[in-house]
Amino acid sequence: MKSIYLALILIVIIIASTASTQLADRPGSDGWTVRKSDHFIVKYRVSDTFVDTVIRSAELYYHTIEKELELDRFDRFWTWDNRCQIIIYDDQQHYCQSTGMPEWSGGCVNYESKVIYTFPWANHFTETLLPHEIAHIVFREYVKDNPQVPLWIDEGIAQYHEQSTDQQMELFFDTALKNNMLLPMEQLMTLGSVTHDASDPRVALFYAQSKSLVSFMIDRYGQKRFAEFIRQLRSGKSVEDALRFAYPSTLSSTAMLEQKWLESVQ
């Protein structure tokens, strides 16, 4: 059902956005060309074909996330001057030199300024990094500055919206599950930061487990309840209170969430 929905949205977006994104500004004196769509401003020094793909994909992911979290009720959430920016450098060398990121990095984000920095690369950029970071920015802007939102929800939502599966993370998850080494909910609730080195088994497990939990909440109990859960976090509630409000008879506490999630994966 999700894939059918994505396909339908993509058709609509391609038709609606082609006219608005086909005319790019002439390159400025700094060598950058600017392309604007409904929710994104793209600065680039690469081919128009690649930028067309980026814009179509970005709009698709934005509309999907907006629909799932029911953000369409918020007028002008990402429009005009409030649009997200995507900066696409010529290649990895220029990207690393300008951002200071290491060579293994495929992209980085300034969440406060809503800017994604990247370059054309072959490792499923439009299927992984782009939806991941858009989901991060949308979610963080939506819940505002609620300090009670744990990292696993943020990362789980971002992982959930990726369109490809990280086989290494799935392997770490399956191994941890078989050996009874999954991270306890109490630990997940207190983790405030993790590195992005997916080759570290603990990091990979954190990402995979976060995705599994969010997927369970959405797929088992529906998008509307999850959207209500996120809306309660936006209002400043704790995770416990948000669960109690959004899932009163099913997932009314983190302990119950953990129990039912474990039952579903074992």
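The values are calculated or read from the model by the stated rules, or taken from the named source; none is laboratory data. What you see is a predicted model, and the numbers here were worked out from it, not measured in a lab. Note: ideal-geometry Cβ built from the backbone for every residue, glycine included; neighbour counts use all protein chains shown. We work out accessible area using only protein heavy atoms, side chains counted, and drop any ligands, DNA or RNA first. Shrake-Rupley method; radii C 1.70, N 1.55, O 1.52, S 1.80 Å.
If you stretched the chain out fully between Ser235 and Gln167, how much longer would it get, using 0.36 nm times the residue separation minus the C-alpha to C-alpha distance?
Net length gain for the segment: 20.9 nm.
From the convex hull of the Cα coordinates of the range 142-195, what is the mean projected area in square nanometres?
4.7
Per 5 Å bin, what is the whole-percent P(r) computed from every C-alpha pair distance within the range 30-166?
Going out from 0 Å in 5 Å bins, the range 30-166 shows 2, 10, 20, 24, 21, 14, 7, 2, 0 percent.
With label points built 7 Å along Cα→Cβ from the Cα atoms of Asp81 and Arg202, find their separation and express it in nm.
4.4
Have a look at Leu129, Asn179, Asn110 and report the one farthest towards the positive end of the charge dipole of the range 89-219, computed about the Cα centre with Cβ charges (Lys/Arg +1, Asp/Glu -1).
Projecting each Cα onto the dipole axis, the largest value belongs to Asn179.
Pop out the carbon and sulfur fraction of the accessible area of the range 119-226 as a percent, whole number, probe 1.4 Å.
Reported share for carbon and sulfur atoms: 50 percent.
Quick one: accessible area per residue over the range 131-227, 1.4 Å probe, rounded to a whole number of Å²?
That works out to 47 Å² for each residue.
With +1 assigned to the C-beta of every Lys and Arg and -1 to the C-beta of every Asp and Glu, and no other charges, what is the dipole magnitude of the range 133-266 about the Cα centre in debye, to the nearest 20?
That gives a dipole near 520 debye.
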